[in-house]
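Quick notes on the structure that follows.
The values are calculated or read from the model by the stated rules, or taken from the named source; none is laboratory data. All figures in this text were calculated on a predicted structure; none of them were measured in a lab. Using ideal geometry, Cβ is built from the backbone for each residue, glycine included, and neighbour counts are taken over all protein chains shown.
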Amino acid sequence: MPKFYKLPLFVFVLSFFVFFQMGCQKKAEEKKYEILTKRADKMTIVYVEHVGSYDRLESLFGQLTAYAKEKGLAGNIVGFYYDDPDAVPEESLRCEVGIQVEEGFKPDPGYMVKEIPARNVVYAIMKGPYDKIALEYPNIMKWMEEKEYKMKGPVTEIYLEGGPDVPPEEMVTEVQFPME
């Protein structure tokens, strides 16, 4: 092969390799979670209700974290989100934020307790900032539609690793979509 063909061929092969690697890297970054189904165990939670913007929950989470520390509770913090922010006015959005507790827990005034029965869920475990999680809901709902699963109940977020001492990119959340 003549010398003048070797350099363009080398550049072409190198460019193809770099393009291919970048393309694979991008695809791997686009979806950092797997969508699965399972039977979620029943759980008992102590919780508070919130009506209003989901963006204004930080103080509620802080209050709940302080309460958990005071009472020696070690369960995961959980959020139940009843309304779609694209369909319900911000001031009417409803959610409950709680912490998993042992059955029979007696709450202080201002807190409520309820049992969430075992249920079938579509779920994904996601790593990253809380404010990015809901951006993935449409992908999960599309997956559910493709599998012909119907949603039954509020979206549930179980905060597995998080809090003020955890960098946002290290936060881990399990998102559950209860299904029929």
### Breaking point among (1) within 23 Å of Leu135 (Cβ to Cβ); (2) at pLDDT 90 or above; (3) of a type in the set (A, V, I, L, M, F, W, C), for Val48
(1)
## Note on the structure
Per the filter on region 90-118, residues assigned to a loop (DSSP other than H, G, I, E, B) and over 21 Å from the mean Cα position of the chain (by Cα) are Glu102, Glu103, Gly104, Phe105, Lys106, Pro107, Asp108, Pro109, Gly110, Tyr111
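Tell me which residues, restricted to region 117-132, are surrounded by fewer than 19 Cβ atoms within 10 Å (Cβ to Cβ) and either outside the structural domain of Ala68 (by TED's automatic domain parsing) or among the β-branched types (Val, Ile, Thr) (or both).
Ile125
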### Task
Please name all residue pairs, on different chains or six or more residues apart, with Cβ atoms under 6 Å, provided the first residue is in region 72-94 and is in the same structural domain as Val51 (by TED's automatic domain parsing) and farther than 17 Å from Ala40 by Cβ and the second residue is part of a strand (DSSP E or B) and of a type outside the set (A, V, I, L, M, F, W, C).
Tyr82/Arg94; Asp83/Arg94
### Task
Answer yes if at least one residue in region 161-173 is surrounded by fewer than 18 Cβ atoms within 10 Å (Cβ to Cβ), closer than 30 Å to Gly72 by Cβ and of a type in the set (A, V, I, L, M, F, W, C), and no otherwise.
yes
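Looking only at region 155-172, count how many residues are in contact (Cβ under 8 Å) with a residue 60 or more places away in the chain and either under 13 Å from the mean Cα position of the chain (by Cα) or in a helix (DSSP H, G or I) (or both).
7
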### Message
Any residue at all in region 119-137 that's over 17 Å from Lys38 (Cα atoms) and part of a strand (DSSP E or B)?
### Response
yes
### Query
Of all the residues that make up region 155-180, how many are at pLDDT 95 or above and farther than 22 Å from Thr65 by Cα?
3
